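Written below as structure tokens is the structure these notes are about.
The values are calculated or read from the model by the stated rules, or taken from the named source; none is laboratory data. Just so it is clear, the structure is predicted and the values come from calculations on it, not from any experiment. Cβ: placed from backbone, ideal geometry, glycine included. Neighbour counts: every protein chain shown. Note: accessible area is taken over every heavy atom of the protein model, side chains too, but ligands, DNA and RNA are not part of it. Shrake-Rupley method; radii C 1.70, N 1.55, O 1.52, S 1.80 Å.
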Amino acid sequence: MGEQSGPIQDTNISYVENEDRKLRKALSTWDLLMLSVGGIIGSGWLFAAYAASILSGPASILAWVLGGIIVIFIALVYAELGSMIPRSGAIVRYGHLSHGSFAGFLFGWAYFLSAVSVPAIEAEAVVTYAASYVTKPALIANGIMTGVGTLIAMILMIAFFFLNYAGVHIMGKTNQGLTWVKVIIPVLTILVLIFVHFNPSEIIPSNGFMPYGWAPVFGAISSTGIVFSYFGFRQAIDYGGEAKNPQRSIPIATIGSVLIGMAIYSLLQVVFVGGIDWSKVGLIPGQWSQLSKLATASNAATAYPYAYDLMNAPFATVALSAGLVWLTYTLYASAYIAPSGTLNVYMGTSARTLYGMAVNGHLPKTFAKIEERNRIPLIPLITTLLVGFLFFLPFPSWYKMVGFISGATVFTYIVGGAALMNFRKQAPELKRPFRLPAASVMAPIAFVLATEAVYWTGWPTTLYLAIGIFAGLVLYAVLAALHAIDQSFNSTNIKAGLWVPVFIVVLTVLSYLGEYGGIAVIKFPLDLIVVAVVSAIFYVWAIRSGIKTEEIAAMIANEDQYV
């Protein structure tokens, strides 16, 4: 598991670079920043405030702050990686470049599962908000989408497929307009509600600021959409291969987008908690768990309309109860714009994830082929649309899908810290326009925090995630048997990446034994300490397992071609 004496033969460099160079270099720093902000300000601002409040009460405000801090640690790691190796679909490449094909495939597949499901959850967000003002239950029944609702969600995804097909330049400029609207409306909501309809006493009600303790605060970070919302920062990295000046643009867009999102989301949570009209459901202020029971009752739409509408359209319902009709209609409009903008971005991100896996040799080369007319990865884009449809089956609502996406996404970021330190050791010659200060401290912190975030998604979400990742190995075996892919898991790559599947199994077992949906053999806060210690052990294993792949050797030898 130590350092290898020479590069490992791992992929067809000339084909990879020829395809990378076909991508249109059209995105500015501002374009990348707006892509990342557009990824962050999506359906999360429409629903996560409600979900986080139900789980942790007013302390959900703290959950947003802590979630933002965790993501900043992870984003700082990826800011160096993204500026050093700017490539489209780059996040699925880093594990491959630092630990070879075996680890690269597992992380790439997990990332694909997270990215390809985002367009579906954003489409669900649009349908869910619409359900609060159409004939009930035409679109949502018992908390899940009806057949009509699913059909509308699919049509929305098809529309943004064609927008992405038009090319990255058009998509990027369209996203700028959508992102401005997505930022302005939440900021307007904050300002109006805090001055017109805000009760400061709700922040610390009779049962306290933290009515359910610390454990749900951490659980809210991963399971209610908080970390899911912040992870839009990755857009600047995924589109790095199509940036005009990626070395400068990627760090600015990555860190800047997280800070913007952190400010907006934390303030939105404040005004939501302080804007609930408890008298409309006959509850004492602070009875969040009881509010959730009323909203999901079988006759909620008629017996408890305020609770029902609060679940389906949180901020619009708060605005309407305050008599702010104009703001209510504005929020309903935003319910189409914000998720649609994120759907637009992630449709392209998912396609570039498949493109990156094909470049790594984990999928057939046809997935790495760039369509000549619009210079986009067309086959991955089509595949993204079709696979995205499948997620409506097991996850027919926003609240059901968000935990899985959060877990899959944050799992892929675990490799960042280990990859960064491996590149520091194996490729110190590569230019680093952004060099992370105190990386030997920051990298393991990012690794441990990402692991904790996966654990917080809870059982059985961690089990579903493990099954989904290992199912990818079956697909890989079939493709390898058919000789449809270039990569093979030789002994060197398996040795370098063995820590990944073992880590997945251990983390799943800890989740089952823990307090977040598990059997609570290991109780809070001991469970967090155990997870931190275990993740630190795997971090050391991952560092020692790093290898010098042929791609990295080529980048060192021909660095001027890789910037």
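Does K280 satisfy being part of a helix (DSSP H, G or I), free of Cβ contacts under 8 Å to residues at least 12 places away in the same chain and open to solvent by 20 Å² or more (accessible area, probe 1.4 Å)? No, not satisfied. A search for C-beta distances below 6 Å between a residue of the range 122-136 that is crowded, with 24+ Cβ neighbours inside 10 Å and modelled with pLDDT under 80 and any residue that is part of a loop (DSSP other than H, G, I, E, B) and acidic (D, E), counting only pairs 6+ apart in sequence or on different chains, returns nothing.
Listed here are the residues, each with its yes/no results for (1) among the hydroxyl-bearing types (S, T, Y); (2) on the phi > 0 side of the Ramachandran plot; (3) out of contact with any strand residue (DSSP E or B) (no Cβ under 7 Å at 6 or more places or on another chain); (4) open to solvent by 20 Å² or more (accessible area, probe 1.4 Å).
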position: S321; (1), (2), (3), (4): yes, no, yes, yes
position: L331; (1), (2), (3), (4): no, no, yes, no
position: S334; (1), (2), (3), (4): yes, no, yes, no
position: L354; (1), (2), (3), (4): no, no, yes, no
position: A368; (1), (2), (3), (4): no, no, yes, no
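Which of the residues belonging to the range 378-406 are open to solvent by 30 Å² or more (accessible area, probe 1.4 Å) and under 28 Å from K365 (Cα atoms)? Of everything in the range 378-406, those that are open to solvent by 30 Å² or more (accessible area, probe 1.4 Å) and under 28 Å from K365 (Cα atoms) turn out to be L378, I379, I382, T383, L386, V387, F389, L390. Given the condition open to solvent by 10 Å² or more (accessible area, probe 1.4 Å), β-branched (V, I, T), closer than 30 Å to W541 by Cα and at pLDDT 85 or above, answer yes or no: does some residue in the range 49-59 qualify? No; the residues of the range 49-59 include none that is open to solvent by 10 Å² or more (accessible area, probe 1.4 Å), β-branched (V, I, T), closer than 30 Å to W541 by Cα and at pLDDT 85 or above.
Please state which one of L463, L526 is open to solvent by 30 Å² or more (accessible area, probe 1.4 Å), more than 30 Å from T366 (Cβ to Cβ) and in contact (Cβ under 8 Å) with a residue 40 or more places away in the chain. Going through L463, L526 in turn, the sole match is L463. Scan the range 228-241 and give yes if some residue there is among the basic types (K, R) and open to solvent by 30 Å² or more (accessible area, probe 1.4 Å), otherwise no. No.
The set of residues from the range 206-227 being crowded, with 20+ Cβ neighbours inside 10 Å and assigned to a loop (DSSP other than H, G, I, E, B) comprises T224, G225.
Between V502, V540, V533, V521, the distinction of being in contact with a helix residue (DSSP H, G or I) (Cβ under 7 Å, 6 or more places away or on another chain), open to solvent by 40 Å² or more (accessible area, probe 1.4 Å), at pLDDT 95 or above and among the β-branched types (V, I, T) belongs to V521 only.
Note on the range 394-457: no enclosed helices (runs of 4 or more DSSP H) hold 3 or more residues that are acidic (D, E), in contact with a strand residue (DSSP E or B) (Cβ under 7 Å, 6 or more places away or on another chain) and touching a residue at least 40 places away in the same chain (Cβ under 8 Å). One residue stands out among those in the range 242-257 that are open to solvent by 20 Å² or more (accessible area, probe 1.4 Å) and outside any helix (DSSP H, G or I): the one that is farthest from G82 (Cα to Cα), which is K244.
Evaluated against (1) within 18 Å of D277 (Cβ to Cβ); (2) at pLDDT 85 or above, Y308 falls short on exactly one condition, (2).
The single condition among (1) more than 30 Å from I370 (Cβ to Cβ); (2) surrounded by fewer than 18 Cβ atoms within 10 Å (Cβ to Cβ) that A300 does not satisfy is (2).
The set of residues in the range 138-159 that are part of a loop (DSSP other than H, G, I, E, B) and either open to solvent by 30 Å² or more (accessible area, probe 1.4 Å) or touching a Pro at 6+ places or on another chain (Cβ under 9 Å) (or both) comprises A138, N142, G143, T146.
Just so you know, in the range 1-48 the residues that are under 16 Å from the mean Cα position of the chain (by Cα) and not in a helix (DSSP H, G or I) include one that is modelled with the highest pLDDT, and it is I41.
Rundown of residues vs (1) at pLDDT below 85; (2) in contact with a Gly (Cβ under 8 Å, 6 or more places away or on another chain); (3) farther than 21 Å from I226 by Cα, yes/no style:
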{"position": "G323", "(1), (2), (3)": "no, no, yes"}
{"position": "L331", "(1), (2), (3)": "no, no, no"}
{"position": "L354", "(1), (2), (3)": "yes, yes, yes"}
{"position": "L363", "(1), (2), (3)": "yes, no, yes"}
{"position": "A368", "(1), (2), (3)": "yes, no, yes"}
{"position": "L381", "(1), (2), (3)": "no, yes, yes"}
{"position": "L386", "(1), (2), (3)": "no, no, yes"}
{"position": "Y399", "(1), (2), (3)": "yes, yes, no"}
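For the range 258-275, does any single residue satisfy the condition of being open to solvent by 10 Å² or more (accessible area, probe 1.4 Å) and not in a helix (DSSP H, G or I)? No, every residue in the range 258-275 fails to be open to solvent by 10 Å² or more (accessible area, probe 1.4 Å) and not in a helix (DSSP H, G or I). Checking each residue in the range 489-499 for being open to solvent by 10 Å² or more (accessible area, probe 1.4 Å) and not aliphatic (A, V, I, L, M) picks out F489, N490, S491, T492, K495. Taking every residue in the range 245-274 that is among the basic types (K, R) and pairing it with any residue that is assigned to a helix (DSSP H, G or I) and open to solvent by 10 Å² or more (accessible area, probe 1.4 Å), at least 6 positions away or on another chain, the pairs with Cβ-Cβ distances below 8 Å are R248/T29. Taking the residues in the range 60-77 that are of a type in the set (G, A, S) and closer than 28 Å to D309 by Cβ as candidates, determine which candidate is surrounded by the fewest Cβ atoms within 10 Å (Cβ to Cβ). The extreme case among them is A63.
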